[in-house]
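Contents: one structure, followed by commentary.
The values are calculated or read from the model by the stated rules, or taken from the named source; none is laboratory data. The structure presented is a predicted model; accordingly, all values stated were derived computationally and were not measured. Quick reminder, even Gly has a Cβ in these numbers, built from the backbone with ideal geometry, and neighbours come from all protein chains shown. Just so you know, the surface numbers come from the protein's heavy atoms only, side chains and all, with ligands and any DNA or RNA stripped out. Shrake-Rupley method; radii C 1.70, N 1.55, O 1.52, S 1.80 Å.
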Amino acid sequence: VNVYAHWIDPTATNFPLVLPGDLRGVNSNNGEYLLKSYGMVGAELQDANGDILKIAPGKTATISFPIPISLQGTAPASIPLWHFDEATARWKEEGSAIKSSNTYTAQVNKFSFWNVDVPCNFINLDMRLINNANNLPLANTMVRITSLATNTTAYDFTNDSGYVSGYVPKNEELKLEVITGAACNGNTTVHTQKAGPYTTNTSLGNITITIPANLVFNFTANVKGCNNLPVGNGYVSISLGNGTSTIAFTDVTGLINFSLIH
């Protein structure tokens, strides 16, 4: 039997880029919640031919999750256990894990992505980031939201219009940060503010960000077709040197105009 297993650290800077789904979970009563992860394990068993193996009916396996240092202070003694349902792209509640020292342990009847999380109600939060130097939208820019109650974090990136939207815990104080660089290295926080608590879906509108000149460049283009006429409502894919890319949409005149943090 070949065992393939990997622990995913919920406090890692690249956490949103490696986890399955978007941390929405369906509990045992079929209610949908936002999940605050205290650790995640992906595990798979194969035979010598590469065929997937399953746990025998009526049997279980023990899995464990180390609790990151920054989360140990809020980690409950017992925590719901969730597995990822690829068909629905949701985490499904299935049992619980017990805390022993700085580790959660649980019994599972299948190999999958397993997650130990506290569920919470959520609202949708959106905003638009603007470069203070030229009033252009900040594209492909990481926004990080941290719950001050549990110190758990979620991320997302703005589109070419500087717009970003996502789920955040309901009725909790939050910290909002704007991050430069790729998710895995070279990060610099260029903006921090408190947000919330919010009880309903909320739009923060435009947020003006001041960025050091050496961390940003402005991208402007007029896109034309073979007939030399503007390509309206088209898009351009821009590959960046750090291995990421962004999509920029033209307006009706074929214009692209935005700032990009690098």
Straight-line reach from Lys170: which lysines have Cα under 19 Å away, leaving out those fewer than 8 places along the same chain?
Lys36, Lys194
Among 9-16, 45-52, 66-73, how do they line up from the highest to the lowest mean number of other beta-carbon atoms within 10 Å?
9-16, 66-73, 45-52
Applying the Karplus parametrisation 6.51 cos²θ - 1.76 cosθ + 1.60 with θ = phi - 60° to the phi angles of region 253-262, what ³J(HN,Hα) value in whole Hz is obtained for each residue in order, glycine and proline being reported as x?
9, x, 8, 10, 7, 7, 9, 9, 6, 10
Summing +1 per Lys or Arg and -1 per Asp or Glu among the other residues with Cβ less than 12 Å from Thr153's Cβ gives 0
For region 219-226, Karplus-derived ³J(HN,Hα) couplings (6.51, -1.76, 1.60; θ = phi - 60°; whole Hz; x for glycine and proline) come out as 10, 10, 8, 10, 8, 10, x, 5
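In nm, what is the difference between 0.36 nm times the number of residues separating Ala133 and Asn171 and their Cα-Cα distance? Provide the component values of the computation, followed by the final result.
Details: separation 38, 0.36 × 38 = 13.68 nm, distance 3.38 nm.
So the extension gain works out to 10.3 nm.
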Which of the lysines could a cross-linker span from Lys59 if the Cα-Cα distance has to be under 23 Å and same-chain partners fewer than 8 positions apart are dropped?
Lys92, Lys99, Lys110
Calculated from DSSP H runs of 4 or more alone, at -39500 (n - 2.57) each and per residue, what is the 222 nm mean residue ellipticity of the chain, nearest 500?
0 deg cm²/dmol
Share of accessible surface on carbon and sulfur in the chain, whole %, 1.4 Å probe and ligands ignored, is 50
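How do 254-260, 75-81 rank on mean C-beta neighbours within 10 Å, highest first?
254-260, 75-81
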Given a 1.4 Å probe, how much area per residue of the chain is accessible, in Å²?
51
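Using R₀ = 35 Å, calculate the FRET efficiency as 1/(1 + (r/R₀)^6) where r is the Cβ-Cβ separation of Ser161 and Val18; round to 0.05. Don't skip to the answer; put the middle values down first.
On the way: r = 27 Å, r/R0 = 0.76.
Working from the Cβ atoms, E equals 0.85.
Can you tell me which of 161-172, 191-202 comes out highest on packing, and rank the rest after it, using the mean Cβ neighbours within 10 Å? Walk me through the numbers before you get to the answer.
Values: 161-172: 18.8, 191-202: 14.0.
Per-residue Cβ counts within 10 Å, averaged per peptide and sorted highest first, yield 161-172, 191-202.
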If I model a spin label as a point 7 Å beyond the Cα along the Cα-Cβ vector, how far apart are those points for Tyr4 and Ser64 in nm?
2.4
For region 162-181 and region 40-69, what is the separation of their Cα centres, given in Å?
33
Report the label-to-label distance for Asn30 and Ser101 in nanometres (one decimal), using points 7 Å from each Cα along the Cα→Cβ vector.
4.3
Loop-resident sites, region 1-102, for GluC sites (Glu not before Pro), counting at most 15 other Cβ within 10 Å (DSSP)
Glu86
